[in-house]
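Asks: This is the structure I want to talk about, given as structure tokens.
The values are calculated or read from the model by the stated rules, or taken from the named source; none is laboratory data. Treat the numbers as computed from the prediction; the structure is a model and nothing was measured. FYI the Cβ positions are ideal-geometry reconstructions off the backbone, even for glycines, and counts take in every protein chain you see. With ligands, DNA and RNA removed, areas are computed over all heavy atoms of the protein, side chains included. Shrake-Rupley method; radii C 1.70, N 1.55, O 1.52, S 1.80 Å.
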Amino acid sequence: MDAILAGSSTNSRRSLSRARSTTTRNSPSPISDHWDKHRGKRFKSDSSPEVTRSTTTVSSTTSVTMSTDMSPVKDEKERSDYDQALYLLENNPPEQRFDFHLPYSQYLKLEECWSKIKSARNISEDQKYPYLAYNSCAEYVTVVTVPRDLHESAGFYLGNTILAGVEEYLSSHRANASLASRILYVGSATTKGAFGNYVNSKKQADGTIKYKRTGATSKVMIAIEVGYSEHYAALCRDKDAWIDGQHVKVCILVCLDESPRFRNPRTRHETVGDVGREREAMSQAVAETVERDTSRDYYGQIEYRGHKWVGDLKEAFIEVWRAKKRHPTRYQLIQNAWCSNRLPKTIGLKLRDFIPDEDWEAANIVDGGISFDADLYVHKLRRSMETTADERYYDYISR
């Protein structure tokens, strides 16, 4: 970050200093609270491993600067948000989401700066995280850094569980095999451009289900967004961007509440020797805990060496939002860290949700409800908690 500000004026540096007191909105931990003005020092994020602050040098001969005449915004608060967003993009500390208001013209400058950095560092456009998104209707920038398995799997398993229900339905109704091949779960996808006030938006979902049309590009029918409970308002903006901006039929929100949220230990484990063996020992201990808790449907914390590597999964629910409906249908999966006694057998999806209206008649099949194996889904969430604990511990002991 020091390299970015190398060409800035004294006022610029004062602006960055003020940013340290800025609270990160809709973020699991206020990164700005951990900024350190001294190059080479380390900071701790409440929800990510301790990260060494690198400079913004993007190659041995190239660095990106933000001089006074290139200042992206004049407002000091917006400047601190801009700097914080760029810092997250450059350093990609795990498990961070940062949302803040920014006019479209200033977002374009942020996107241009990030694009230059990626080019100079030879960062592939296919690299999924960190990603930069923009909601042109609400004028909100979103930066999401690399997530853990619990977040990633929540979207991935949901999409695949839904698709299994679709395939079961089509098989039982003896549908033409080509129809099943047209309905695809493709995971996350970045979408640019949209309808109405969302025309300048750029969005990446946590999962999408598309319909492959003959002689045309695939059309997103269902979008999936995953987040923690403190991101709910931001997830609802994402939902609006998909329904109103992309005209998807359904947007599904998966909301998780990990409590307490993860924090690294304040001191290192001095007795860690062989990292590989230590990781194996940790994985074995965690597996025993998971096996015990899963058998009684309890989604409690995962602890090792006296530290919580995953907090209780206090709550997990799915909300299904539809176009032209003001309220969602909510399906509770986990509450107070215990699995629901009556898990849903369906989340209200019908076959027609997966096929564009203009192609529905040609499908030549009766509409009906799609089953959903919620029991299998929540058990996979528990396994993802185990993997997340392993990821966090490995990052901690190997740094």
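Asks: Which of the residues that make up the stretch 230-246 are more than 22 Å from Phe100 (Cβ to Cβ) and open to solvent by 40 Å² or more (accessible area, probe 1.4 Å)?
Replies: Scanning the stretch 230-246 gives a single hit, Gln246.
Asks: Next up: Residues Ala120, Ala154, Ala133: which one is small (Gly, Ala, Ser), at pLDDT 95 or above and more than 16 Å from Gly187 (Cα to Cα)?
Replies: Just one listed residue meets the conditions, Ala133.
Asks: Name the single residue that is farthest from the chain's Cα centre (by Cα) among those in the stretch 330-366 being under 16 Å from Val248 (Cβ atoms) and open to solvent by 60 Å² or more (accessible area, probe 1.4 Å).
Replies: Ranking the candidates gives Glu358 first.
Asks: Here's something else I'd like to know. Inside the stretch 116-168, can you point out the residues that are open to solvent by 40 Å² or more (accessible area, probe 1.4 Å), in a helix (DSSP H, G or I) and over 30 Å from Ser181 (Cα atoms)?
Replies: Within the stretch 116-168, Lys116, Ser119 meet the criteria.
Asks: Would you please list the contacts, defined by Cβ atoms under 6 Å and residues six or more apart or on different chains, that run from a residue in the stretch 279-307 that is open to solvent by 60 Å² or more (accessible area, probe 1.4 Å) to a residue that is hydroxyl-bearing (Ser, Thr, Tyr) and at pLDDT 85 or above?
Replies: Here the result reads Arg279/Tyr394, each pair linking the stretch 279-307 to a residue that is hydroxyl-bearing (Ser, Thr, Tyr) and at pLDDT 85 or above.
Asks: Where the second residue is of a type in the set (Gly, Ala, Ser) and surrounded by fewer than 20 Cβ atoms within 10 Å (Cβ to Cβ) and the first is touching a residue at least 12 places away in the same chain (Cβ under 8 Å) and lies in the stretch 218-241, which pairs have Cβ atoms under 7 Å and are six or more apart or on separate chains?
Replies: Arg237/Ala138
Asks: Still on this structure: Out of contact with any Phe, Trp or Tyr (no Cβ under 8 Å at 6 or more places or on another chain), under 22 Å from Cys251 (Cβ atoms) and modelled with pLDDT of 95 or more: does that describe Lys324?
Replies: Considered against the rule, which asks whether it is out of contact with any Phe, Trp or Tyr (no Cβ under 8 Å at 6 or more places or on another chain), under 22 Å from Cys251 (Cβ atoms) and modelled with pLDDT of 95 or more, Lys324 comes out as no.
Quick grid of which residues meet (1) more than 26 Å from the chain's Cα centre (by Cα); (2) of a type in the set (Lys, Arg); (3) closer than 30 Å to Phe100 by Cβ:
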position: Lys210; (1), (2), (3): no, yes, no
position: Thr214; (1), (2), (3): yes, no, no
position: Tyr228; (1), (2), (3): no, no, yes
position: Val248; (1), (2), (3): no, no, yes
position: Ile252; (1), (2), (3): no, no, yes
position: Gln284; (1), (2), (3): yes, no, no
position: Ala287; (1), (2), (3): no, no, no
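Asks: With the structure loaded, tell me whether Thr191 is polar (S, T, N, Q) and part of a strand (DSSP E or B) or whether it fails that test.
Replies: Spelling it out, Thr191 is indeed polar (S, T, N, Q) and part of a strand (DSSP E or B).
Asks: Moving to a separate point now. Please determine, by comparing only the residues of the stretch 171-188 that are farther than 15 Å from Val248 by Cβ and outside any helix (DSSP H, G or I), which one is most open to solvent (accessible area, probe 1.4 Å).
Replies: It comes out as Arg174.
Asks: Report, ordered by the first and then the second residue, all pairs with beta carbons closer than 8 Å, sequence separation of six or more or different chains, a first member in the stretch 176-202 that is within 25 Å of Thr214 (Cβ to Cβ), and a second member that is of a type outside the set (D, E, K, R) and open to solvent by 70 Å² or more (accessible area, probe 1.4 Å).
Replies: Asn176/Asn364; Ala180/Ser171; Gly187/Phe156; Gly193/Val199; Phe195/His247
Asks: Now for a separate question. Is it true that Arg237 is in contact with a strand residue (DSSP E or B) (Cβ under 9 Å, 6 or more places away or on another chain), outside any strand (DSSP E or B), more than 30 Å from Trp338 (Cβ to Cβ) and of a type in the set (D, E, K, R)?
Replies: Spelling it out, Arg237 is indeed in contact with a strand residue (DSSP E or B) (Cβ under 9 Å, 6 or more places away or on another chain), outside any strand (DSSP E or B), more than 30 Å from Trp338 (Cβ to Cβ) and of a type in the set (D, E, K, R).
Asks: Please work out if Glu315 is in contact with a Leu (Cβ under 8 Å, 6 or more places away or on another chain) and open to solvent by 20 Å² or more (accessible area, probe 1.4 Å).
Replies: yes
Asks: When the stretch 249-276 is examined, which residues are found to be in a loop (DSSP other than H, G, I, E, B) and at pLDDT 95 or above?
Replies: Lys249, the sole residue that qualifies.
Asks: Quick check on the stretch 369-390. Is at least one of its residues surrounded by fewer than 19 Cβ atoms within 10 Å (Cβ to Cβ), in contact with a strand residue (DSSP E or B) (Cβ under 7 Å, 6 or more places away or on another chain) and farther than 18 Å from Glu291 by Cα?
Replies: Yes, the stretch 369-390 contains a residue that is surrounded by fewer than 19 Cβ atoms within 10 Å (Cβ to Cβ), in contact with a strand residue (DSSP E or B) (Cβ under 7 Å, 6 or more places away or on another chain) and farther than 18 Å from Glu291 by Cα.
Asks: Which pairs have Cβ atoms under 6 Å, sit 6 or more apart or on different chains, and link a residue in the stretch 113-126 that is under 17 Å from Val143 (Cα atoms) to one that is at pLDDT 90 or above and of a type outside the set (Lys, Arg)?
Replies: Trp114/Leu89; Trp114/Leu132
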